[in-house]
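Here is the structure we will look at.
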Amino acid sequence: MILCLFLVLSLSACNSGTKEPEVPYSHEEDVSVPDVPPEKVPEPPIEHEEIVFESGKDPEENPYTRIKLQPVPKDAELRDSVYVYRPYFVGEFFNEVELFGLSDETPPPTNDYYGFGEDFWGGCSIWCGAADKWEATASSTLTKTGSIFYSAMNLRSNTRLDAWCEGTSGYGIGEYIDITYTLGNYDEVYGGGEISKDPFSFTSLCIVNGYAKDEALWRKNARVKTLKLYVNNELKGYIELTDTIKPQYFPLYDLAGACGVSTLFRFEIADVYKGSAYEDTCLTGIVFGFSGPFGH
């Protein structure tokens, strides 16, 4: 009898020891990723050479840059024979004064903008030939709340006021966003009369994770931890996001394009950071960095 009682007590102790206590929601940013203001964010290393566009004009008035593929680091991380992309910087949100050079008038500027500051308006770069050739669709979308829509096209917005949220039950593992990018051509951006065959490369990404309209919404909704990146239906990498509301900057390797040619990017949710209140997984923005003809 004493032996049986001892065994029962021992089993009870083992079972109680394996039960994990409930851990309250907490948020800790990954301090290993540098946090810098937007004007300090460096571009990943790009191999390039200066070429002159043969249009009969003075070369000094009409230069452009031909870009080679971004070199792949020797220590690039691989998973399933594709690259693992991690943020090389976490930036800050921009405001109207920083971006547009506006006078500091009332109401005060809000830090709502994100992306690559030098290419925000495009200027003389090929960006101005690409801005209207960006389309996004999603495998599912959360039903609108009042007048608020959660469309994948919200990812094109330059501010953090809108977001895409998946619309399935649970955390949306396997749900995805398709972004089709078609870069411009000489006829549109320079009046050359034909589509350029000059190459360019997609060199980087800026991603704003979660529903970043404000800190409270960001915490309540789920955020993406891992995205699978497909390019033209081929798995190209895993994007590992930090759990932060701030813009995250990622390098990209071996992603060449051509003017006038569409490239399909699929971002598929593979893992998430759980929200404190809702299971809806959200993304606020995805901005591509690239280099090519007419680049700054």
Task: Cα-projected label distance for S140 with A258, points at 7 Å along beta-carbon direction, nm - done: 3.8
Task: Amide H contacts under 5 Å for L255, placed H, 5+ residues apart - done: Q70, F202
Open item on the list: Taking amide H atoms as placed 1.01 Å from N in the peptide plane, list the residues 5 or more away in sequence, or in a different chain, whose amide H sits under 5 Å from that of Y273.
Closed with: R223, V224, K225
- [ ] Quick one: what are the phi-derived ³J(HN,Hα) couplings along the range 214-226, Karplus 6.51/-1.76/1.60 with θ = phi - 60°, whole Hz, x for glycine and proline?
- [x] 7, 4, 5, 5, 4, 5, 5, 8, 6, 10, 7, 9, 9
TODO: For the range 241-251, just list the computed ³J(HN,Hα) in residue order, Karplus coefficients 6.51, -1.76 and 1.60, θ = phi - 60°, integers in Hz, with x standing in for Gly and Pro.
DONE: 8, 7, 7, 9, 6, 7, x, 10, 10, 10, x
Task: From phi via Karplus (6.51, -1.76, 1.60), per-residue ³J(HN,Hα) for the range 83-93 in Hz, x at Gly/Pro - done: 6, 9, 9, 10, x, 9, 8, 10, x, 10, 6
Open item on the list: Using 0.36 nm times the number of residues separating I148 and Y278, minus their current alpha carbon distance, what extension gain do you get?
Closed with: 45.1 nm
Open item on the list: Which entries of K228/K274; K133/K274; K74/K246 have Cα-Cα distances beyond 25 Å here?
Closed with: K133/K274; K74/K246
TODO: Can you figure out the FRET efficiency of L99 with A270, using R₀ = 45 Å and their beta-carbon distance, to the nearest 0.05?
DONE: 0.85
Task: Amide proton proximity set for D243, modelled H, under 5 Å, gap of 5+ - done: D30
Open item on the list: Could you list F149, F100, F93 so that the one with the fewest beta carbons within 10 Å of its beta carbon is first and the one with the most is last?
Closed with: F100, F149, F93
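Just so you know, all these numbers are worked out from the coordinates, no wet-lab data involved. Just so you know, these numbers come straight off a predicted model, no measurement behind them. Heads up, the Cβs are rebuilt from the backbone with ideal geometry, glycines too, and the neighbour counts pull from every protein chain shown.
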